[in-house]
Amino acid sequence: MHPGHVRANGDIITSQAVGRCVDGQRHMLCTQWKVRTMRTPENVIYTDNGYGPVSKLAGTACTIGIQSFISNASFDNGTCKLELDWPLQSALNHKDIVPAKEGGKRKILVALGGGTFDTPSWQACSDNLDAFADALVSFVKTNDFDGIDIDWEDTGALTKPGGYDAVAFLSGLTRKLRAGLPAPQYIITHAPQPPYFDASFHGGTYMQVMKQVGTLIDYLNIQYYNNGDFVGTTGSEQAEKVAGTTDSPAFATSIVGLVAQGLPVEKLLVGKPTTPHNAGTGFLPVDEFCSDVVAPLVAKYGANFGGVMGWQLAQSPSSADLEYDWISTVADALSGNAG
């Protein structure tokens with residue numbers, strides 16, 4: 001057996017090169033990865049609510065839990081200080097990380113970024129990249145996380161010239177994190193929004209990132225919400241713009257569209273809000289989401305489909321009610337049993 005990356009669900013991606021991948025197409029990235037046929041798509045859930053830390057995922061079908069957020073960073077004489085939001089602080093104080101893994105049933109990552117991480121903060125991180133990456137690696141290891149999710153949402157850096165180079169920063173950060181958090185022990189994911197794959201939107205930042213460091217990134221938790229023109233509202237619109245299974249050629253930033261542009265489907269996850277309270281737009285009831293978006297992708301790609309990401313475990317940022325039914329319904333759909 002070739003050495004390879006162990007997925008959260010225990011399957012192995014080997015480093016044996018394969019010449020052709022899904023749908024008989026040759027892809028710029030997937031030629032370096034061969035997926036064992038017994039793999040299953042990932043069922044990823046974020047939490048950023050003190051009532052629903054990752055330890056509440058015990059007993060669920062979630063394969064990767066992501067505890068949010070490292071919400072900012074500051075620098076003093078070359079030393080980086082990470083700032084944590086309250087749900088992450090609470091999870092660490094209550095030692096929720098290790099129990100959430102249930103002895104290896106799932107991986108637990110920490111999320112970096114989000115909406116509070118503004119352009120000046122990202123600029124400072126870019127200017128102090130070595131110190132920033134070192135602090136993140138140390139944080140992951142010290143607190144028993146299985147990796148890190150980079151939730152970069154700094155559209156302002158793209159629309160206002162004169163700032164830092166987002167592609168160079170995200171690529172450099174990924175390289176340094178992977179050097180300190182080697183596979184297969186650690187997982188590195190990113191959570192881009194769909195416009196960041198569009199070449200007409202400031203050059204398609206994440207297509208460029210994937211060309212540079214795609215082999216170092218395990219998964220893309222793509223945020224198919226809060227970007228109406230790239231997502232749609234109804235189930236049929238999202239079948240077109242999110243799944244990409246209804247039109248030919250497929251909508252460019254849909255899953256099928258991204259695969260057509262060379263991204264390996266094993267790395268692509270459809271991210272959706274679990275309730276209408278967890279996003280501004282883009283929500284679909286879970287049964288409709290699974291029938292119109294997930295099921296067609298499972299039918300097209302089978303077990304090679306990367307999976308689904310849900311934002312978030314709680315029904316809202318302040319609710320004590322948790323979305324266990326969402327997780328189980330998605331798990332059924334990923335197994336080919338939607339509806």
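Within the bounds of region 39-57, is there any residue that is within 20 Å of residue 305 (Cα to Cα), charged (D, E, K, R) and modelled with pLDDT under 95? Yes; the residues of region 39-57 include at least one that is within 20 Å of residue 305 (Cα to Cα), charged (D, E, K, R) and modelled with pLDDT under 95.
Within region 57-84, if we keep just the residues that are surrounded by fewer than 18 Cβ atoms within 10 Å (Cβ to Cβ) and of a type in the set (Gly, Ala, Ser), the residue that is farthest from residue 151 (Cα to Cα) turns out to be 59.
Within region 77-92, the set of residues being closer than 15 Å to residue 139 by Cβ and either within 20 Å of the chain's Cα centre (by Cα) or of a type outside the set (Val, Ile, Thr) (or both) comprises 80, 81, 82, 83, 84, 85, 88, 89, 91, 92.
For region 233-281, the set of residues classified as within 22 Å of residue 302 (Cβ to Cβ), assigned to a loop (DSSP other than H, G, I, E, B), out of contact with any Lys or Arg (no Cβ under 7 Å at 6 or more places or on another chain) and not hydroxyl-bearing (Ser, Thr, Tyr) consists of 244, 247, 249, 250, 261, 262, 263, 264, listed by residue number.
Quick check: anything in region 184-203 surrounded by fewer than 23 Cβ atoms within 10 Å (Cβ to Cβ), farther than 16 Å from residue 266 by Cα and among the hydroxyl-bearing types (Ser, Thr, Tyr)? So far as region 184-203 goes, yes, one or more of its residues are surrounded by fewer than 23 Cβ atoms within 10 Å (Cβ to Cβ), farther than 16 Å from residue 266 by Cα and among the hydroxyl-bearing types (Ser, Thr, Tyr). Evaluated against (1) surrounded by fewer than 23 Cβ atoms within 10 Å (Cβ to Cβ); (2) modelled with pLDDT of 50 or more; (3) of a type outside the set (D, E, K, R); (4) closer than 20 Å to residue 181 by Cα, residue 14 falls short on exactly one condition, (2).
May I ask you to verify whether residue 142 is surrounded by fewer than 24 Cβ atoms within 10 Å (Cβ to Cβ) and either under 30 Å from residue 286 (Cα atoms) or more than 18 Å from the chain's Cα centre (by Cα) (or both)? Here the answer is yes, as residue 142 does meet what is asked. Residues in region 282-292 that are over 14 Å from residue 41 (Cα atoms) and not in a loop (DSSP other than H, G, I, E, B): 6 in all. Taken together, 166, 183, 199 contain a single residue that is farther than 21 Å from residue 84 by Cβ, among the small types (Gly, Ala, Ser) and in contact (Cβ under 8 Å) with a residue 60 or more places away in the chain, which is 183. Number of residues in region 295-339 that are assigned to a helix (DSSP H, G or I), aromatic (Phe, Trp, Tyr) and under 24 Å from residue 226 (Cα atoms) equals 2. Out of 249, 276, 296, which single residue is over 15 Å from the mean Cα position of the chain (by Cα) and closer than 16 Å to residue 333 by Cα? Answer to the selection: 296. Screening 56, 141 for residues that are of a type in the set (Lys, Arg), in contact with a Ser or Thr (Cβ under 9 Å, 6 or more places away or on another chain) and either part of a helix (DSSP H, G or I) or closer than 30 Å to residue 332 by Cβ (or both) leaves exactly one candidate, 56. One residue stands out among those in region 297-316 that are farther than 15 Å from residue 242 by Cβ and touching a Gly at 6+ places or on another chain (Cβ under 6 Å): the one that is surrounded by the most Cβ atoms within 10 Å (Cβ to Cβ), which is 313. As a summary of the residue check, residue 176 satisfies the conditions (1) over 24 Å from residue 44 (Cβ atoms); (2) modelled with pLDDT of 95 or more; (3) touching a helix residue (DSSP H, G or I) at 6+ places or on another chain (Cβ under 6 Å); (4) not polar (S, T, N, Q) except for the one numbered (1). Is it fair to say residue 183 is of a type in the set (A, V, I, L, M, F, W, C) and assigned to a loop (DSSP other than H, G, I, E, B)? The answer is yes for residue 183.
Figure legend. Inter-residue proximity from region 241-270: first residues in contact (Cβ under 8 Å) with a residue 12 or more places away in the chain, second residues basic (Lys, Arg) and in a loop (DSSP other than H, G, I, E, B), beta-carbon distance below 8 Å, spacing 6+ or different chains. Indicated pairs: 266/39. Of the numbered criteria (1) in contact (Cβ under 8 Å) with a residue 40 or more places away in the chain; (2) in contact with a Ser or Thr (Cβ under 7 Å, 6 or more places away or on another chain); (3) assigned to a helix (DSSP H, G or I); (4) under 26 Å from residue 225 (Cβ atoms), the one residue 131 fails is (4).
The values are calculated or read from the model by the stated rules, or taken from the named source; none is laboratory data. The structure displayed is predicted, hence computed values, not measured ones. Every residue, glycine as well, gets a Cβ built from its backbone with ideal geometry; the counts of neighbours run over all protein chains shown.
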